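Structure first, then comments.
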Amino acid sequence: MKAVLIDDHQNLEWTDTEQPRIGDKTVCIKIHTTAINRADIMQRRGLYPPPPGASQVLGLECAGEVVALGNGATRYKTGDRVCALLAGGGYAQYAVVDEGSVLPIPKGLSYVHAAALPEVFATAWLNIFMEAGLQPGEKVIIHAGASGVGTAAIQLCKAFSSPCFVTCGSNSKLDVCIELGADAGSNRHEASFLTRAAEFAKPDGVAVILDPVGAAYLADNLQLLGQGGRLVLIGLMSGAKADIDLAQLMMKRLRMIGSTLRARQVKEKAVVMAQLEEQVWPLIERGDIAAIVDQVFAIEEVTAAHDLVTSDSTIGKVVLRVSH
Ligand SMILES: NC(=O)c1ccc[n+]([C@@H]2O[C@H](COP(=O)([O-])OP(=O)(O)OC[C@H]3O[C@@H](n4cnc5c(N)ncnc54)[C@H](OP(=O)(O)O)[C@@H]3O)[C@@H](O)[C@H]2O)c1
């Protein structure tokens, strides 16, 4: 099969490689579309190695059709249209994945839009609802609101009745976030988000913050959380080292939760995917929640697609169409 491989100079090449072998309780997917995540950019730079046992090929999600079933894989049959969360291997013609990480494509969705769902909705759901335990009506701050994860998180907050405030990098991105359901926000290049977010947080502070930024936002995040607030750290885009006011943590009974999705056991991922199917897929089928796609590239244009994501100008997902 063909897949995107990384050479010694971090160039990406669509070239021949070995097809992954089917295993117990796995399905083989003929990939029609895959999508780009920030993690792929970091992996390409050598900063985010795949977890043990995962494919070395980039790509954390895909959409396509089931073409083979491993022993004990009972849920799907060949020809089913599916999308899947992968620990790696999405920038390829075929992927093999535990059937618990696979979901049917929501009715009415194209392969392009289906590839934009698994990683960002699983990340947003896992961290906001399962890790932070968001309750209806509680206020949320979502950093990088126009990112793939951010656009999923905004829509989930709106659908589950929690007001949210976003940060992002331009006023036009802010407008899109508000259209998607954010209540307020701020442009990180104009001013610190603290003043506007504090207005939003009044009078009790926010309950949950979803933060992929890390060090630079830590002090303001802790200030904005109310009693019993939860900060879920999912990325370190501004750095990993910061001073922390432990008194604030203790007196407000705050919880800081570090979380990654990719390296979790397949059993844990299956729980996240099952909740998505039950709670979120019906909302997508009803049109209440959308897969937000910024641009679509052919897989042969993967370098240009990476450049676009790295420019910080995208809103939602960049999708790659896989040729056969
Ligand atoms: N822990 C996990 O399991 C997990 C899973 C998935 C994703 N993530 C993390 O979630 C984040 C979003 O991922 P994604 O794939 O959805 O990203 P994405 O669509 O590529 O968007 C990332 C956005 O982050 C903003 N940004 C970049 N550098 C920044 C900085 N130094 N400070 C503040 N904002 C910055 C930019 O938007 P603006 O210019 O509009 O701010 C950029 O467009 C990434 O950090 C990723 O690693 C974590």
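Values quoted throughout were computed directly from the atomic coordinates according to the rules given, and no laboratory measurement underlies them. This structure is a prediction, so every number in the text was calculated from the model and none was measured. We place every Cβ from the backbone using ideal geometry, glycine too, and count neighbours over all the protein chains shown.
For residue 21 and residue 71, calculate 0.36 nm times their separation in residues minus their Cα-Cα distance, and state this gained length in nm to one decimal.
Extra length from residue 21 to residue 71 when fully extended: 16.8 nm.
Using alpha-carbon pairs under 8 Å, 6+ residues apart, how would you state the relative contact order of the range 153-312 in percent?
Numbers: 186 pairs, mean separation 23.4, N = 160.
Normalised by residue count, the contact order of the range 153-312 is 15 percent.
Indicate the gyration tensor shape class of the range 169-253 (rounded, prolate or oblate), computed on the Cα atoms with a ≥ b ≥ c the square roots of the eigenvalues: a/c under 1.5 is rounded; otherwise a/b larger than b/c is prolate and the rest oblate.
Details: a/c = 2.02, a/b = 1.36, b/c = 1.48.
Oblate is the answer for the range 169-253, as a/c is 1.5 or above yet b/c matches or exceeds a/b.
So, in Å, what gap is there between the alpha-carbon centers of the range 1-56 and the range 66-105?
About 15 Å separates the Cα centre of the range 1-56 from the one of the range 66-105.
Along the charge dipole of the chain, Cβ charges K/R +1 and D/E -1, which of 82, 320, 223 sits furthest on the positive end?
Checking the options against the dipole of the chain, the answer is 223.
For 83, 168, what's the fewest-to-most ordering of other Cβ within 10 Å of each Cβ?
Going from least to most buried by this count: 168, 83.
Between rounded, prolate and oblate, where does the range 118-260 land on the alpha carbon gyration tensor, with a ≥ b ≥ c its root eigenvalues, rounded for a/c under 1.5, else prolate if a/b exceeds b/c?
Values: a/c = 1.30, a/b = 1.20, b/c = 1.08.
Rounded, because the longest to shortest axis ratio a/c is under 1.5.
Evaluate E = 1/(1 + (r/R0)^6) for residue 240 and residue 267, where r is the Cβ-Cβ distance and R0 equals 25 Å; express this FRET efficiency to the nearest 0.05.
0.30
HN-Hα J couplings of the range 73-79 from phi, Karplus 6.51/-1.76/1.60, θ = phi - 60°, integer Hz, Gly and Pro as x?
Result, rounded to whole Hz: 7, 10, 6, 10, 10, 4, x.
Which cysteines in the chain lack any other cysteine whose Cβ sits under 4.7 Å from their own Cβ?
So far as the 4.7 Å Cβ criterion goes, 28, 62, 83, 168, 177 stand without a partner in the chain.
Give me a comma-separated list of calculated 3J(HN,Hα) values for the range 4-16, in order, Karplus coefficients 6.51, -1.76, 1.60 applied at θ = phi - 60°, integers in Hz, x for any Gly or Pro.
8, 10, 9, 8, 5, 9, 6, 7, 9, 9, 7, 8, 6
Taking +1 at the Cβ of each Lys and Arg and -1 at the Cβ of each Asp and Glu, which of 135, 297, 266 sits farthest along the dipole of the chain towards its positive end, judged by Cα position relative to the Cα centre?
Toward the positive end, the furthest listed residue is 135.
Please arrange 113, 324, 143 by counting, for each residue, the other beta carbons lying within 10 Å of its beta carbon, fewest first.
324, 113, 143
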